[in-house]
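The values are calculated or read from the model by the stated rules, or taken from the named source; none is laboratory data. Keep in mind that what you see is a predicted model, and the values were worked out from it rather than measured. So basically every Cβ, Gly included, is an ideal-geometry build from the backbone, and we count neighbours across all protein chains shown.
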Amino acid sequence: MRIFSQDALAPSAAEDSCSAVAWASAEIWRASRAVPLAVALAVFGTGCQGELDPEPARQAAIEHFNARYTAGRMGILLKGHAVWLEAPFFQKGCLESKDLAFNDDPNKRPAGSPARISPTYEAQRWLSASTDGGFCVYLGTDPKFTVDDVSWGGDRWRVTGSVAFAETSPWYDCLENTTKSQLLEVKYPEKGRSS
């Protein structure tokens with residue numbers, strides 16, 4: 001069984017220092033703009049005997065996550081190099097209540113542009129790297145993917161799971177719930193039957 005991953009928005013080599021949770025976003029398979037952590041998997045095998053069984057899809061999703069996000073420190077990329085950084089994946093009220101960042105006035109930026117923040121002086125200690133695209137903010141160590149649901153989507157398995165860390169920074173607590181979850185799709189060669 002081979003797994004192929006389509007990472008349309010995978011970080012560049014410089015941005016990879018974040019091990020970014022801007023993770024592996026595949027536009028082709030993205031269910032909606034609210035799910036920024038979608039990864040498409042295609043599982044190819046030989047033969048197609050057997051019943052529909054979600055367990056191989058569950059295991060393929062976990063193995064893919066574990067291979068892509070190894071143990072260690074992880075962060076997320078805040079795009080930009082000026083005072084205001086793009087951060088559409090955070091709860092704005094949470095950032096302000098934890099004194100992590102100031103929020104940009106949405107009425108003062110072009111319609112449809114992503115939400116922007118400016119980290120407070122004290123919260124800048126959580127910025128772990130600078131890249132060509134912006135700054136990485138530390139989220140936690142040792143990521144773990146927990147499968148919440150496996151469902152058959154007609155021609156592929158849809159594996160929904162949540163991402164947690166062994167140790168987290170205050171920034172992790174302010175992530176939108178949709179950012180803490182991932183949708184992984186596992187496709188078999190014929191009608192979802194595993195070999």
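Assorted remarks:
- Out of Ser12, Ser25, Ser32, Ser118, one residue alone is at pLDDT 80 or above and not in a helix (DSSP H, G or I). It is Ser118.
- All positions within segment 151-177 that are of a type in the set (A, V, I, L, M, F, W, C), farther than 21 Å from Arg68 by Cα and in a strand (DSSP E or B): Trp152
Let's see how each residue does on (1) in contact with a Lys or Arg (Cβ under 6 Å, 6 or more places away or on another chain); (2) among the charged types (D, E, K, R):
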{"site": "Ser97", "(1), (2)": "no, no"}
{"site": "Ser113", "(1), (2)": "no, no"}
{"site": "Leu127", "(1), (2)": "no, no"}
{"site": "Ser130", "(1), (2)": "no, no"}
{"site": "Gly134", "(1), (2)": "yes, no"}
{"site": "Gly140", "(1), (2)": "no, no"}
{"site": "Asp155", "(1), (2)": "no, yes"}
{"site": "Thr160", "(1), (2)": "no, no"}
{"site": "Lys187", "(1), (2)": "yes, yes"}
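- Among the residues of segment 141-154, just one is under 20 Å from Cys174 (Cβ atoms) and surrounded by 19 or more Cβ atoms within 10 Å (Cβ to Cβ), namely Pro143.
- Across segment 127-145, the qualifying residues are those that are of a type outside the set (Gly, Ala, Ser) and outside any strand (DSSP E or B), and the one among them that is nearest to Arg68 (Cα to Cα) is Thr131.
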